[in-house]
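Asks: Pasting a structure below so you can have a look.
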Amino acid sequence: MPQLRQNIITGDWVVIAPERAKRPNEFVIPQSVKITDKSKCPFCPDSEGYKKNEKVHRANTENIMVIENKYPAFIENESKSQIRSYYVEGSFYRARPSIGDHEVVIVKNHGLSLMTFDKNIMTEMFQVIKQRYDCMKEERGVVSIMPIYNHGAEAGASIDHPHAQIFASGIVANAVGKEMDGAERYYGINGSCVFCDIIAHELKEKVRVVYENDDFVVVTFYAARFPMETWIYPKKHQSQFETLFKDELIQLSDALIYTVRSMEKNVPNIPLNWYIHTLPTTHKDSSSYHWHLEITPRLANYGGFELGSGIIIDIMSPEDAAEYLRKPEQKE
Ligand SMILES: [Zn+2]
Ligand SMILES: [Zn+2]
Ligand SMILES: [Zn+2]
């Protein structure tokens, strides 16, 4: 069973999930896992591999199906007593059961990829994610939910069949907690949402704006951690992803499709992740927090300084990145 352990010095949490355990000599450096034989693909609905897994279907629509992750980082709660944190080793360290849920949102067509999803597939995927989000919210012990997508082996995609994942946890994700604290501090000083202010500032400056439609604006991040790191913000103040209506999900799909395809045109076979940062499910609404989708192209490996200092050296300016992403065809 996975366990959450707290860093006694910083307060950050990690999940220790030895179910996927390997001996040191079994670790492999990630490589593209291309599954050409679809009958062996664990995510192809008619394959032997899929039938062998005998997964519980959580949702099934025309182009999408949702199953439980085979190696969940967070597992459904069996009894109430297991939710709380506890102290171990003479009450020195703090741990808690890794309660929650972990699902795989599979696009049925093996031949598609994040780069070839059309607006209908992408919108259907977001609709299913939202529907599963609403269900997970009701599960016992769930505090925070994060939809993510890994594209390419270097971005952590271990199976070469298009799929998103939804992580539901009993703790607020470290990164979301830090953003909430910062946003609240900013609100306290300025009386406004820092994300709304970023949007207004970026639309005025224009140098980092990549794309916009009726509801969303796509901007390279001022203090980027990766070359071409890009955030998608809803233009109107909205603290919760799950409050989106269908027409907004279509606009979100439009913005995401534009951005990832532009990245792909600039850097063919670009590995990337996207993930959604939204308000924990225990909060009703927030004036200071504003949900958003972050896209992190994995074009740089962190070295000793980045890991040692926590200070990232990004070798492309976000202003240049925005220019490339705005006009992918005209790159040199
Ligand atoms: Zn497949
Ligand atoms: Zn806002
Ligand atoms: Zn964020």
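Asks: With charges only on Cβ, +1 for K and R and -1 for D and E, what is the dipole size of the chain about its Cα centre, in debye, rounded to 20?
Replies: The dipole magnitude comes to about 700 debye.
Asks: Placing one identical point scatterer on every Cα of the chain and ignoring solvent, what is log10 I(q)/I(0) from the Debye formula at q = 0.06, 0.12, 0.13, 0.16 Å⁻¹?
Replies: Taken in order of the listed q values, log10 I(q)/I(0) reads -0.22, -0.93, -1.11, -1.69.
Asks: Return, in residue-number order, each cysteine of the chain whose C-beta is not under 4.7 Å from any other cysteine's C-beta.
Replies: CYS135, each lacking another Cys Cβ under 4.7 Å.
Asks: To continue, here is another question. For PHE245 paired with GLU319, estimate the spin-label separation in nm (one decimal), with each label point 7 Å from Cα along the Cα-to-Cβ line.
Replies: Distance between label points: 3.9 nm.
Asks: Return the percentage of antiparallel bridges among DSSP beta bridges fully within the stretch 55-160, rounded to the nearest 5 %. It would help to have the intermediate numbers written out before the result.
Replies: On the way: 11 of 12 bridges.
DSSP beta bridges in the stretch 55-160 are roughly 90 percent antiparallel.
Asks: What percent do you get for the relative contact order of the chain when only Cα pairs under 8 Å and 6+ apart count? The partial results should precede the final answer.
Replies: Numbers: 640 pairs, mean separation 55.4, N = 332.
Relative contact order here is 17 percent.
Asks: Taking the Cα centre of the stretch 37-163 as origin, sum charge times position over the Cβ atoms of Lys and Arg (+1) and Asp and Glu (-1), and report the length of that vector in debye to the nearest 20.
Replies: Computed about the Cα centre, the dipole is about 300 debye.
Asks: Taking the Cβ of TYR87 as the center, what net charge do the other residues with Cβ under 15 Å away carry, scoring Lys and Arg +1 and Asp and Glu -1?
Replies: +3
Asks: If you average the sequence gap of Cα pairs under 8 Å that are 6 or more apart and divide by the length of the stretch 274-328, what percent do you get for the contact order?
Replies: Result for the stretch 274-328 is 25 percent.
Asks: Estimate the FRET efficiency between ASP134 and ASN7 by the formula 1/(1 + (r/R0)^6), using the beta-carbon distance for r and 35 Å for R0, to the nearest 0.05.
Replies: In this case the efficiency is close to 0.65.
Asks: Here's something else I'd like to know. Over 22 Å between C-alpha atoms is what I'm after, so list which of LYS178/LYS246; LYS38/LYS70; LYS137/LYS246 land there.
Replies: Long pairs (Cα-Cα over 22 Å): LYS178/LYS246.
Asks: Straight distance only, please: which aspartates and glutamates reach the Cα of LYS206 with their own Cα at less than 18 Å, same-chain residues fewer than 8 apart left out?
Replies: Here the aspartates and glutamates satisfying the reach criterion relative to LYS206 are ASP197, ASP214, ASP215, GLU229, GLU319, ASP320, GLU323.
Asks: Once every DSSP H run of n ≥ 4 in the chain is given -39500 (n - 2.57) and the sum is divided by its residues, what mean residue ellipticity at 222 nm do you get, rounded to the nearest 500 deg cm²/dmol?
Replies: On the way: 7 runs with 90 residues, N = 332.
One gets -8500 deg cm²/dmol as the mean residue ellipticity at 222 nm.
Asks: Please tell me the relative contact order of the stretch 195-332 in percent, rounded to the nearest whole number, where contacts are Cα pairs under 8 Å and at least six residues apart.
Replies: About 33 percent, as a whole number.
The numbers here are math on the coordinates, done by the rules we state, and not lab data. The structure displayed is predicted, hence computed values, not measured ones. As a convention, Cβ positions derive from the backbone with ideal geometry for all residues, glycine included, and neighbour counts pool all protein chains shown.
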